[in-house]
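Have a look at the structure that comes next, please.
Since every read-out is calculated from the coordinates, none of them should be taken as a lab result. A quick note: this is a predicted structure, and the numbers were derived from the prediction, not measured. For neighbour counting, all protein chains shown are included, and Cβ atoms are generated from backbone atoms with ideal geometry for every residue, glycine included.
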Amino acid sequence: MSFVEQYLAEARMILEQLDRQAIEGLVRGLVETRGRGGRLFILGVGGGAAHASHAVNDFRKIAGLEAYAPTDNVSELTARTNDEGWSTVFESWLRTSRLSARDAVLIFSVGGGDLENNVSPNLVAALRHARSAGATVLGIVGRGGGYTAQVADACVRIPTVNPAHVTPHTEAFQAVLWHLLVSHPELKQAPTKWESLP
């Protein structure tokens with residue numbers, strides 16, 4: 001089997017194994033957040049940060065959900081990193097935004113945050129703050145799901161079908177799933193451009 005065939009076969013396996021109930025849990029969490037006038041804060045680092053920026057656009061424009069990504073403001077992100085340290089950048093951003101029980105936090109992460117291995121400690125700190133504020137916690141993660149999976153109200157774990165491809169598959173399916181979410185009839189409020197053309 002060629003690499004291309006193997007990689008695409010792995011993607012098919014993931015599609016078949018995705019937890020449909022967990023996905024519906026994300027839908028419910030987002031519908032409820034919008035219904036109570038809450039905001040959505042999307043957090044991620046690396047590929048997750050890039051996804052957060054794109055997803056903010058989609059949730060705002062297509063789903064009518066007020067959404068933000070702290071990583072979109074590079075000036076504040078780097079100032080907080082320089083002055084306070086990387087591990088607290090998201091927590092302090094959420095505090096300044098007055099995160100409350102009306103709001104939700106959505107995590108895009110391969111590992112979900114892991115203090116023991118010092119991976120994404122900023123996500124862990126943000127999630128601890130979110131829990132203390134009573135905010136809804138949502139996640140799309142890989143591997144074991146880390147801290148996100150432990151504390152989330154709803155979390156989709158991308159199945160590991162090949163340990164050598166955990167990161168690319170997790171990040172690819174994060175994009176698949178947020179596009180599913182904004183396309184879901186319970187969330188979608190505005191047509192997408194190409195579909196609206198005659």
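Placing unit charges on C-beta atoms (Lys and Arg positive, Asp and Glu negative, everything else neutral), compute the dipole magnitude of segment 1-142 about its Cα centre in debye, rounded to 20.
Working: 14 positive and 16 negative charges, 132 e Å.
For segment 1-142, the charge dipole is close to 640 debye.
Still on this model: Order these peptides, 37-48, 88-99, 64-75, by their mean beta-carbon neighbour count within 10 angstrom, highest first. Let's see the in-between values first.
Details: 37-48: 21.3, 88-99: 19.2, 64-75: 17.3.
By packing density, highest mean first, the sequence is 37-48, 88-99, 64-75.
Here are several values of volume of the Cα convex hull per residue in Å³: (1) 131; (2) 253; (3) 106. Which one was derived from the coordinates shown?
Of the listed options (1) 131; (2) 253; (3) 106, (1) comes from this structure.
What does DSSP give for the chain in terms of the percent of beta bridges that are antiparallel, rounded to the nearest 5?
Working: 1 of 17 bridges.
If I count the DSSP bridges inside the chain, around 5 percent turn out antiparallel.
In the chain, which helices (entire DSSP H runs) extend 24 Å or more along their own long axis, judged by Cα positions, while averaging at least 0.0 on the Kyte-Doolittle scale? Write out the running numbers ahead of the final one.
Working: long enough: 166-183 (25 Å, 0.68).
The answer, listed by residue number, is 166-183.
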